[in-house]
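The next block holds one structure in the form of C-alpha cells; read it before the comments.
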Amino acid sequence: NWNMRNFIDTEIERIRTIVGPTGEVIGAVSGGVDSTVAAKLMKEAIGERFHAILVDNGLMRLNEVPTVKDTLQKGLGINLTVIDASEEFLTNLKDISDPERKRKIIGNTFIRVFEREAAKITPKNGDGEIEFLLQGTLYPDVIESISFKGPSQTIKTHHNVGGLLEDMKLKLIEPLRELFKDEVRDLGEIMGIPHDLVWRHPFPGPGIAIRILGPVSPSQIEIARKADYIFIEEIKKAGIYNNISQAFACLLPVKSVGVMGDQRTYEQVIALRAIETKDFMTADWYEFDFEFLKTVSRRIVNEVRGVARVVYDITSKPPATVEWE
Ligand code: XMP
C-alpha cells in the first residue's frame, strides 16, 4: 500500500519538525488500535522522547494489561510506563450505580492519575518539561467535535483528556486526524502491529464498569471478566470474531434460582451482547447458531462462580443502545 507508506514517511518528518531535536511528548495508550498506531508513529519519529502511559484502571478485560504491556514494550519497542491505579478507581467508584456518574468518576480519576504521572517524567534532555500531548484523534472525531463545539476545540471529552491541555499547557499532536478507521488499520498492519490488536472490537473507556450493572466491586469485576473472556474466546474459536462489530458480557444485579448437582443455587445473571453495525449509530444483534449459544452458556455457568443463568440480548439499536449502561 504505497499511499500509506508514503503517509508514514511524511508524518514522521512532520512530527520531527514539530517536536524539534529535543522536544518530549507524552500520550496515553489504551491497547486499542488508534492509540497504539499513534504511539508507534511517535516511536518511529522520536524514539524514547515519546512517553506512553497506560493507566490500569482495574476495569480492563481479563489479562489485558499484561498483554498490552508486552505488545507495546517488547513487541513495538515503545517507551511505556504502566500505572496501576486500580485501587484509586475502585475506591472512587464504591457504591456508585448511576451510569453517568460512573463515567464522570472514571474520566476525572483518569485525568488526575495521568497528570500526576506526567509531572513525574523528567525529559531526557534535562531542560524543562514535556511540551506535547499525543492524541489518537481520527477524522470522524474531528468532524464530530467541530460540529458540537466549534472549530477551536477539537477534543472529545469522552476521550478522557479534555482538561489536560489547559492544565499542563501542552501542545497537541494528532497524527491520525486526517484518517478514517480502516486507514488506521491499514497503517497498523504496515507498521507491524499485531493483527489481533488491529482488528480488536472497540472497548469503551469506562471498561467493564459500565458492563457491571449496579455498584462495581472486585468480586463483580472478577465475574464479569471471566464470563466476557469465555464468550470472546468461543467467538474466536468459532471463526466469527470479524463478522461481529462488538461483543461482550454484562453482569446483571439480579439473582436467579438454579440447580447444580443436587444443590439449589441462587446466583447472578450474565447477559451476552453481540452486534453488527457500520457506524454504531444503529445496530442489529448477531444471529449466532443455537449450538454456539449452548456452548457459551454451559461454559459460563460451569466455569464462573456466581453465575446461575445466561441470557442473550436480542434488542436492536435503536431502541436499545449497544452498552447496557
Ligand atoms: P452505545 O451504548 O452508545 O454505544 O450504543 C455505541 C458505541 O460507543 C461505545 N461507548 C463508549 N465508548 N466511552 C467510550 O469510550 C463511553 O463512555 C462509551 N459508551 C459507549 C460502545 O462501546 C459502542 O462501541
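Bear in mind that the values in this text are calculations on the coordinates, not laboratory data. Keep in mind it's a predicted model, so treat the numbers as computed, not measured. Cβ coordinates were reconstructed from backbone atoms using ideal geometry, including for glycine residues, and neighbour counts include every protein chain displayed.
The GluC sites (Glu not before Pro) of segment 165-204 that meet both conditions, a loop assignment by DSSP and at most 16 other Cβ atoms within 10 Å of the site Cβ, are 178. Counting only Cβ charges, +1 for Lys and Arg and -1 for Asp and Glu, the dipole size of the chain around its Cα centre is about 540 debye.
Quick one: helix 33-46 against the long Cα principal axis of the chain, what's the angle to the nearest 10°, folded into 0 to 90? Helix 33-46 sits at roughly 30 degrees to that axis.
Between beta-carbons, use under 13 Å as the cut-off and find the net charge around residue 69, counting Lys and Arg +1, Asp and Glu -1. After counting each charged neighbour, the total is -3. Taking the Cα centre of segment 171-273 as reference, the dipole from Cβ charges on Lys and Arg (+1) and Asp and Glu (-1) amounts to some 320 debye.
With contributions of -39500 (n - 2.57) from each DSSP H run of at least four residues, the per-residue ellipticity at 222 nm computed over the chain stands at -12500 deg cm²/dmol.
Loop sites here are chymotrypsin sites (Phe, Trp or Tyr not before Pro) outside DSSP states H, G, I, E and B with no more than 16 other Cβ atoms within 10 Å. The longest part of the chain free of them is 1-179. Relative to one another, the C-alpha centroids of segment 253-290 and segment 65-101 are positioned 26 Å apart. Can you give me the angle between helix 139-149 and the longest principal axis of the chain, using Cα atoms only, in degrees from 0 to 90, rounded to the nearest 10? The two axes meet at around 90 degrees. Beyond 21 Å in Cα-Cα separation lie the following of the pairs 40/74; 181/278; 104/171; 40/181; 43/74; 102/181: 104/171; 102/181.
The charge dipole of segment 1-100, taken about its Cα centre with unit charges on the Cβ atoms of Lys, Arg (+1), Asp and Glu (-1) only, comes to about 540 debye.
The residues packed around residue 212, meaning those with a beta-carbon under 12 Å from its beta-carbon, carry a net charge of -1 if Lys and Arg are +1 and Asp and Glu are -1.
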